[in-house]
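I have a structure I would like to understand better, so I am pasting it below and will then ask my questions one at a time.
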Amino acid sequence: MDKSETYIKMCEKAEEIQESWKPKEGDWCIDMGDLWILMPNAEHKICTVTPAYVEMVKENDTWLPSQDDLQKMVIGKGILSGDWLDVLEHFVMDEGGLFDFFDAHRVDETYNYVKSMEQLWLSFVMKKRYNKVWSNNEWRNGSV
């Protein structure tokens, strides 16, 4: 599970994803309060939702969807079907080729690219469902 500052920022700014979150046991999130047993992480309190607190997740908590969560958002929902590897290959190639894809999905101007499957799948979900791409630390409409 990606718990990097980059992925946290991408998730925090993915408002559509956050609005769709229905907390369940085992979800990873950034806790803005002190309800859960927390695991330290640089600037954030990363935690998993426990059974006792599923109903107590606050609006200002940020969900960090897993790769599995992100795949469920597109596969079998009328957007995509088939093998996830084929789906990703087509996504990368549809963006103009591997190099164009990674250039368009830089996380910042210092050429830091997506570095995890969660970052890649979040980019994929945001593009396919909401026509947004990650550019200059923001989700922007259209293509870069």
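The values are calculated or read from the model by the stated rules, or taken from the named source; none is laboratory data. In this text, all values refer to a predicted model and were calculated from it rather than measured experimentally. Glycine also receives a Cβ, built like all others from the backbone with ideal geometry; neighbour counts cover every protein chain displayed.
Suppose we filter the stretch 66-83 for residues that are out of contact with any Lys or Arg (no Cβ under 6 Å at 6 or more places or on another chain) and modelled with pLDDT under 80; how many remain? Full working, then the answer.
Going residue by residue through the stretch 66-83, those that are out of contact with any Lys or Arg (no Cβ under 6 Å at 6 or more places or on another chain) are 66-73, 75-78, 80-83.
When the remaining residues are screened for being modelled with pLDDT under 80, the result is 75-78, 80-83.
Summing the residues that are out of contact with any Lys or Arg (no Cβ under 6 Å at 6 or more places or on another chain) and modelled with pLDDT under 80 in the stretch 66-83 gives 8.
Looking at (1) assigned to a loop (DSSP other than H, G, I, E, B); (2) modelled with pLDDT of 85 or more, which one does Trp63 not meet, given that it meets all the others?
Tallying (1) assigned to a loop (DSSP other than H, G, I, E, B); (2) modelled with pLDDT of 85 or more, Trp63 fails exactly one: (1).
Name, by its number, the condition in (1) aromatic (Phe, Trp, Tyr); (2) surrounded by fewer than 12 Cβ atoms within 10 Å (Cβ to Cβ); (3) modelled with pLDDT of 70 or more that does not hold for Phe99.
Every listed condition holds for Phe99 apart from (3).
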